[in-house]
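One structure below.
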Amino acid sequence: MKTRSASAAVVAALIAVLVGVFVLRQAPSEGTPHVSVTDVYASETAGDASSMYMTFDNSGGSDDLVAVIVTGVGQVSIHDADMRPHDHLRLKGHHTTKLAPAGGHIMLESLSSPLRPGTQLDVRLMFKRSAPIEVTADVLSYDQINQKISS
Ligand SMILES: [Cu+2]
């Protein structure tokens, strides 16, 4: 019985610490992230690679995009405008983060087959704090993308 009450005390202390950590994390600008994803598209294949773009609308606290999985694509990475890989994409709280041509993008490499305009990709987005989000990316031709960014 002695051992049992000692472990109960340890559990109570742990809970107190966890509650304390949780309260400390709730800085005024933080809180639960509310991320929605729109305007998801990828370009037709150039060589054996492609880029994917999307818009993240975060109406809550900050979050990070930490992984992207695309069906039929062997290697997916988060790139900045200079093609440098990053292990996450910061999604600031109460902020819209846009990946668009000539800027940051999701790099698609080791494709199982070329991406043809008019087809779609199944995309799973993994976040540090939010639950995963599944979206569909439209594959667009270069002409379609040029029209899109000039309009
Ligand atoms: Cu890239």
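Among the residues of the range 29-55, those that are under 13 Å from Pro117 (Cα atoms) and assigned to a loop (DSSP other than H, G, I, E, B) comprise Glu44, Thr45. Within the range 38-65, the set of residues being away from the ligand (no atom under 16 Å from the Cβ) and of a type in the set (Gly, Ala, Ser) comprises Ser59, Gly60, Gly61, Ser62. Here is a check on your reading of the model: is Gly60 assigned by TED's automatic domain parsing to the domain that holds Thr136 and at pLDDT below 95? The answer is no for Gly60. Tallying residues that are away from the ligand (no atom under 15 Å from the Cβ) and surrounded by 12 or more Cβ atoms within 10 Å (Cβ to Cβ) within the range 66-104 yields 14.
Here Arg90 meets each of (1) modelled with pLDDT under 95; (2) out of contact with any Gly (no Cβ under 6 Å at 6 or more places or on another chain) with one exception, condition (1).
The values are calculated or read from the model by the stated rules, or taken from the named source; none is laboratory data. Note that this is a predicted model, so its numbers are computed, not measured. So basically every Cβ, Gly included, is an ideal-geometry build from the backbone, and we count neighbours across all protein chains shown.
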